[in-house]
Amino acid sequence: MSATPPPPTTANQEPAPPLHWGIVGCGWVARDYVAPAIAASANGRLLALCDLDERALAAVQPHEAGLRRTTSLDEFIQTPGLQAVYVATPNAHHARLTQALAAAGLPVLCEKPLARTATEAAGMVAAAAAHRTLLATAFDQRFHPAHQRLRELIQAGALGTVTCVRIHYACWTPADWRPDSDQGTYQNWRVSAEEAGGGALIDLAPHGLDLTQTLLGEPLLDIVALPQRRVQNYAVDDGAVLIARSASGVLLSHTVAYNCPDAFPRRTLEVIGTRARALALNTMGQTPGGSLTLTHAADGRVEEVAFDQEASPFQRQVEAFAEAVRTGRPFPFPAANYLHTMHLLDSAARPQAHRVAPGRAAAEPSPAMFNTYLDDRKAS
Ligand SMILES: NC(=O)c1ccc[n+]([C@@H]2O[C@H](COP(=O)([O-])OP(=O)(O)OC[C@H]3O[C@@H](n4cnc5c(N)ncnc54)[C@H](O)[C@@H]3O)[C@@H](O)[C@H]2O)c1
């Protein structure tokens, strides 16, 4: 069973009304994952959809009466009762749309990467701050129960001193790639530098960089990456290796690829410590489930770590965001956290080592920027 937070109550103990969501960009991730997650969520309801393509709008379920579907952003923004917006367009449009939504006072949960560059992302963070609205990057993998359990284990010292994190996050993305569920609307913007901001690195590495910082509870500071164009027939990178070092000295080694056949192991997260090594298989990605084991240094024993196999990271994410909007309590990841990760990505795209120094982000990267929803719930 999925563990959902109980609905908040009002002063007279009536359940608070659900948060009314809208979605801008109704393609693959919105249609297959986030619209269903909002519909299933304990504290939210879908009120409006916006997309430039009528066919994309029509493909989103459920077909409830009262769900507005529009190709006009202005009409979307004026939907009566709209309280929060999830943005899932190609990366090139995140900044302009988020700034328009923030100017209308709407909280925004925007897909990763927050933008194509840190400069674009800084404009989004500034707009949210100027209009005093919430802005967050949709890093759903933070909300995967295996990752939340792993963070607890790391923070409790079960792995001893953590020395390194190794992540392999890869897939097969040829120029004509499309999601299995595509209904003829998908254009492969992922392989366009203009639309995506890059290739495999900018698409896949945000998850690994964010997850590492969230698991460790501290920022990555030094980073270098080597991109490759090896197999696929397009102008952006189809693979990359990134190495980074955290504030306390943990090393990250992270491979991303669009040139890895889907039949191979391609969603692997490993955290190595002096007391135990954690291995999470098939927990990164869009789906619940996967496995988590600990190998103990003392005797080589391999221990299965139990976690909720059914809980959707996307559902947990929209519930956490809705809870922050409804209660006014801070979402546990401040905007400076996302901006720091965008600076890491910008630096990784350059061919020499960079330190993403405090001061380049909107605020100094600090452990408090990398706490988790789980911690927030425990504290509340
Ligand atoms: N967190 C994850 O696991 C995950 C998975 C997939 C995609 N994503 C991210 O989600 C975003 C969307 O990816 P996708 O695969 O769903 O893309 P997609 O191409 O399937 O869907 C994008 C939709 O946005 C619409 N669109 C484009 N410009 C628009 C505009 N100006 N206004 C309104 N609608 C517009 C398109 O018509 C299309 O229907 C990307 O930023 C991507 O990186 C995240």
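Please specify each residue of segment 105-139 satisfying the condition of being of a type in the set (Gly, Ala, Ser) and either touching a Phe, Trp or Tyr at 6+ places or on another chain (Cβ under 9 Å) or more than 15 Å from the ligand (Cβ to nearest atom) (or both).
Pass one, segment 105-139, residues of a type in the set (Gly, Ala, Ser): 105, 115, 118, 121-123, 126-130, 136, 138.
Listed by number, the residues that qualify are Gly105, Ala118, Ala121, Ala122, Gly123, Ala126, Ala127, Ala128, Ala129, Ala130, Ala136, Ala138.
Might you check whether a residue that is farther than 25 Å from Trp172 by Cβ and without any contact (Cβ under 8 Å) to a residue 60 or more places away in the chain occurs anywhere in segment 248-266? Outline the logic, then answer.
Quick first cut of segment 248-266, residues farther than 25 Å from Trp172 by Cβ only: 248-251.
Filter once more, keeping what is without any contact (Cβ under 8 Å) to a residue 60 or more places away in the chain: 248-249.
So far as segment 248-266 goes, yes, one or more of its residues are farther than 25 Å from Trp172 by Cβ and without any contact (Cβ under 8 Å) to a residue 60 or more places away in the chain.
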Please work out which residue is farthest from the ligand (Cβ to nearest atom), limiting yourself to segment 140-159 and to residues that are in contact (Cβ under 8 Å) with a residue 12 or more places away in the chain and of a type in the set (A, V, I, L, M, F, W, C). Ala158
Test: Leu252 is at pLDDT 95 or above, closer than 22 Å to Met284 by Cα and outside any strand (DSSP E or B): no
Where Arg245 falls short, out of the listed (1) within 16 Å of Thr341 (Cα to Cα); (2) part of a loop (DSSP other than H, G, I, E, B): (2)
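Does Arg142 qualify as being at pLDDT 95 or above, crowded, with 23+ Cβ neighbours inside 10 Å and within 21 Å of Ala335 (Cβ to Cβ)? If you could, list the steps in order and put the result at the bottom.
Working: at pLDDT 95 or above: yes; crowded, with 23+ Cβ neighbours inside 10 Å: yes; within 21 Å of Ala335 (Cβ to Cβ): yes.
Against the criterion (at pLDDT 95 or above, crowded, with 23+ Cβ neighbours inside 10 Å and within 21 Å of Ala335 (Cβ to Cβ)), Arg142 qualifies.
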Leu201 versus (1) closer than 21 Å to Asn91 by Cβ; (2) at pLDDT below 95; (3) of a type in the set (A, V, I, L, M, F, W, C): which is the lone unmet condition? (2)
Which residue, of Thr117, Thr163, is under 27 Å from Glu195 (Cα atoms), of a type in the set (Val, Ile, Thr) and in contact (Cβ under 8 Å) with a residue 24 or more places away in the chain? Thr117
Every residue from segment 327-339 that is assigned to a helix (DSSP H, G or I), more than 14 Å from the chain's Cα centre (by Cα) and not polar (S, T, N, Q): Ala336
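Output the residues belonging to segment 22-71 that are of a type in the set (S, T, N, Q) and more than 16 Å from the ligand (Cβ to nearest atom).
Start the filter on segment 22-71 by keeping residues that are of a type in the set (S, T, N, Q), which leaves 41, 43, 61, 70-71.
Correct list: Ser41, Asn43.
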Among the numbered criteria (1) buried (at least 18 other Cβ atoms within 10 Å of the Cβ); (2) farther than 22 Å from Gln187 by Cβ, which one does Gly105 miss? (1)
How many residues are within 12 Å of the ligand (Cβ to nearest atom), free of Cβ contacts under 8 Å to residues at least 40 places away in the same chain and either on the phi > 0 side of the Ramachandran plot or among the polar types (S, T, N, Q) (or both) if we restrict to segment 72-98? 2
Of the residues in segment 45-74, how many are surrounded by 13 or more Cβ atoms within 10 Å (Cβ to Cβ) and within 22 Å of Ala100 (Cβ to Cβ)? 17
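So that you can scan it fast, the table gives a plain yes or no per residue for (1) buried (at least 24 other Cβ atoms within 10 Å of the Cβ); (2) under 30 Å from Ala297 (Cα atoms):
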{"position": "Val85", "(1), (2)": "yes, no"}
{"position": "His94", "(1), (2)": "yes, no"}
{"position": "Thr98", "(1), (2)": "yes, no"}
{"position": "Gly123", "(1), (2)": "no, no"}
{"position": "Ala128", "(1), (2)": "no, no"}
{"position": "Thr133", "(1), (2)": "no, no"}
{"position": "Thr137", "(1), (2)": "yes, no"}
{"position": "Gly160", "(1), (2)": "no, yes"}
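Looking at Gly239, Gly184, Gly208, which is the one that is closer than 15 Å to His343 by Cα and of a type outside the set (A, V, I, L, M, F, W, C)? Give the derivation first.
Values: Gly239 fails: closer than 15 Å to His343 by Cα; Gly184 fails: closer than 15 Å to His343 by Cα.
Matching residue, one of Gly239, Gly184, Gly208: Gly208.
The values are calculated or read from the model by the stated rules, or taken from the named source; none is laboratory data. Note that this is a predicted model, so its numbers are computed, not measured. Note that each Cβ is placed from the backbone with ideal geometry, even for glycine, and that neighbours are counted across all protein chains shown.
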